[in-house]
Amino acid sequence: MLVNSSDKNKIAENVGSGEGEIAAASADATGFKELLGFEVIDSSKDYAVIGLELKEGHLNRNGYVHGGVIMSLLDSACGHAGVYCDVPGNVRRCITISMNTTFIKPARDGTLRTEARVIGRGRKIFFVEATVFDGSTLVATATGTFRYVAGGEDERGVPIA
């Protein structure tokens, strides 16, 4: 999903409205987000859901979703869950310290839904659990450790640069 400037404004206006609430950080499409093609479906304090409509480019040579795609979805959802910011024009940032992934069942087509919840945090570090589903089928789980960077530990965030 490509996000143009008018879409960013609509997303920013909806933050806190209760309709498709999305963190300000999510409004900024990154090259990686565009490359992978995922969409932030829901984002609130300590929680995030992202979705990915599978395309041929997401598949490995065996016709299943590449493990790197699944791990990227888990990593992205976990990060979003930990950096929610409801202050318009501000953003929180983090980096991944470690992530442990368990692959349960392969996926081939359809839409993947990745859900992440923060399960604990300190001043600079937070911990997240996440799952990927293909419909009602559990595809993978992960636990991750993340570090706030560039003022991300402040719940009010910092101005988007």
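None of the figures in this text is laboratory data; all of them are computed from the coordinates on show. The shown structure was predicted, so the numbers you read here are calculated from the model rather than taken from an experiment. All Cβ positions, glycine included, derive from the backbone under ideal geometry; neighbour counts span all protein chains shown.
Brief remarks follow.
- Burial ordering of K33, K55, fewest other beta-carbon atoms within 10 Å first: K55, K33
- Residues whose placed amide H lies under 5 Å from that of Y84, excluding near-sequence neighbours: D46
- Calculated FRET efficiency, N62 to A161, Cβ-Cβ distance, R0 = 45 Å: about 0.60 to the nearest 0.05.
- Segment 48-157 - percent relative contact order, Cα under 8 Å, separation 6 or more: 33 percent
- Euclidean distance between Cα centres, segment 46-73 to segment 115-159, Å: 18 Å
- Neighbours of A116 by Cβ distance under 13 Å: Lys/Arg scored +1, Asp/Glu scored -1, total -2.
- Each label was represented as a point 7 Å from its Cα along the Cα-to-Cβ direction; for I125 and S44 these points are 2.9 nm apart.
- Packing, as the average of other Cβ atoms within 10 Å across residues, places the peptides 112-123, 60-71, 137-148, 75-86 in the order 75-86, 137-148, 112-123, 60-71, highest first.
- Calculated FRET value between D109 and M71, using beta carbons and R₀ = 22 Å, to 0.05: 0.70
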